[in-house]
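Input: a single structure, listed below in structure tokens.
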């Protein structure tokens, strides 16, 4: 075997050992290229892991959250396709799993960029390349901000701030989050920030009102469980969807 090929094989083995089966070699090399582009000096993690992605922490002049979407199973692929087929912004979908995941990632990047530009409290999206989305890290010195679920200071003011963000999201950005709960709202600089927008849909989508209703039910349920007097669901829907 030529020496150059030997070195390539050894390099791939070393990379696999470093990431310890967390991500594949191709994605690891993509993270290296992105790091060079953004001058990220350190990558660690994953700091969060779910069925569709893992999030790594990056540090350079700024702090970054690097979301890596899994090249996933056929079961999850079918679930993704069900969400995408209702989005009028998306045309025909390639049957390749990797192509489908890239569409899924682009959808989140597009939603996040729209919301950020409209002044909604979301992490700033920096770039998307293939199956890696880089955003502003919500936290300090590698310690992420708490989720609403973890936050200790639940009060009426915070509830109203979240409702106001939902209203701004639907009336200004014309989007419904679609999967909002105490698990995808972070409290950063004493303000609620929404995260995870892969399931977000335009307000004129066929299922938008149903998703908005579910979002509001989740938020009311959480705050009610903390002893906060919440606004009637029907009243909320009328005020938000005007």
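Laboratory data are not the source of any read-out in this text; all were calculated from the coordinates shown. These numbers were taken from a predicted model, which means no experiment stands behind them. No Cβ is skipped: glycine too gets one built from the backbone with ideal geometry, and neighbour counts run over all protein chains shown.
Assorted remarks:
- Relative to the current alpha-carbon distance between residue 190 and residue 207, full extension at 0.36 nm per residue lengthens the span by 2.9 nm.
- Nearest-0.05 FRET efficiency for residue 229 and residue 152, computed from C-beta distance (R0 30 Å): 0.95
- At an R0 of 22 angstrom, the distance between the Cβ atoms of residue 25 and residue 129 translates into a FRET efficiency of 0.85.
- Extension gain, residue 168 back to residue 47 (0.36 nm per residue minus Cα-Cα distance, nm): 40.6 nm
- log10 of Debye I(q)/I(0), alpha-carbon scatterers only, for the stretch 132-175 at 0.31, 0.33, 0.34 Å⁻¹: -0.97, -1.01, -1.03
- The stretch 176-242, relative contact order [Cα under 8 Å, separation at least 6], %: 34 percent
- Segment residue 221-residue 237, extension gain: residue separation times 0.36 nm, minus the distance between their alpha carbons: 4.3 nm
- Residue order for 235, 32, fewest other beta carbons within 10 angstrom first, comes to 235, 32.
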